[in-house]
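Note sheet for the following structure.
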Amino acid sequence: MKNLNQKIYVAGHQGMVGSTIIRILEKEGYTNIICRTHKELDLIDQLAVNQFFEEEKPDQVYLAAAKVGGIFANNNYPAEFIYKNLLIEANVIHASYTFGVKKLLFLGSSCIYPKEAEQPMKENVLLSGYLEPTNEPYAIAKIAGIKLCESYNRQYGVDYRSVMPTNLYGPGDNYHSENSHVIPALIRRFHEAKLNGEKEISIWGSGAPKREFLYVDDMAAASIFIMDLDKPTYEKYTHPMQSHINVGCGEDISIKELAILIKNIIGYEGQIIFDISKPDGTGRKLMDSDLIASLGWKSHIALESGLKLTYQDFLANQTLLRAS
């Protein structure tokens, strides 16, 4: 039976995933959820993190805080991506152990897998080949987060778990004109092109790469599902040095098909130009989510439905978005 009064700390609560985790936890009846803004608690500051954990002593931690971005951001700020993510993970995971956190869930990324990994990507292909160069620093940091959890489990007997989501989208996403991921970037560009009467818009790459996308509510539900599994069940399906679990929908779509879908949802009538001088990134990234399916979880929100909900959220937050 769930303890709805246990203290739960959600790191990264203002982000798309963290805010959705809180919303679903509250919907399920959890009453003791704590969070801090970046101004209130800088997770890169080890002393501040330790002080926070010593004072609050949470029972569970959802580690959804991270520095994230698309191809442009990863190409231009590689040092920031590896440095900040390594420090966030190390500080939160070590403080969790030091101050007695019973369970922790670390949220990773599908970019941890090798560029040439066999598709769909199973959990066991981790560290079996070279990473995609455009986001290697971020991927290295996320791999380190997985191994931090596994190492603390092995040495100290704690219960720290990792989930690897595919590409996420949904309400609360980052629509920054340069640093956003593909879906929010396309939504903003098609929307603005429609308003401005532009006859064409240019998109990076050939449009041929295929990607899998998961609506954020599905990801948050999967995170809570994995956190709530009893330890014997979780350990039965994982291994001490391969404990992460993929979370995806099992289907992918080309960037070209995605662009056309978003174009139609928004009602943009201009032409799409694909700029082949820009990088494509990995040719295909599809997660093998058989493991989480065998545990009893599957996604529920189809891509077109999720995109319509996301665009509604975008329209509802126009005042905030104009500043970015």
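The values are calculated or read from the model by the stated rules, or taken from the named source; none is laboratory data. For clarity, every value in this text was computed on a predicted model and none was experimentally measured. Heads up, the Cβs are rebuilt from the backbone with ideal geometry, glycines too, and the neighbour counts pull from every protein chain shown.
The table below gives the values:
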read-out: Members of region 55-67 that are in contact with a helix residue (DSSP H, G or I) (Cβ under 8 Å, 6 or more places away or on another chain) and either surrounded by fewer than 21 Cβ atoms within 10 Å (Cβ to Cβ) or part of a helix (DSSP H, G or I) (or both); value: K67
read-out: So K210, is it out of contact with any Phe, Trp or Tyr (no Cβ under 9 Å at 6 or more places or on another chain) and farther than 24 Å from H13 by Cβ; value: yes
read-out: Residue in region 191-204 that is of a type in the set (D, E) and within 20 Å of the chain's Cα centre (by Cα) present; value: no
read-out: Pairs where the first residue, in region 196-224, is touching a residue at least 60 places away in the same chain (Cβ under 8 Å) and the second is acidic (D, E) and not in a helix (DSSP H, G or I), C-beta under 6 Å, 6+ apart; value: S202/D275; W204/D275; G205/D280; S206/D280; P209/D280; K210/D252; R211/D252; E212/D252
read-out: Condition check for K256: modelled with pLDDT under 95, out of contact with any Leu (no Cβ under 7 Å at 6 or more places or on another chain) and over 20 Å from K2 (Cβ atoms); value: no
read-out: Search result, residues across region 123-146 that are of a type in the set (D, E, K, R) and buried (at least 18 other Cβ atoms within 10 Å of the Cβ); value: E123, E132, K142
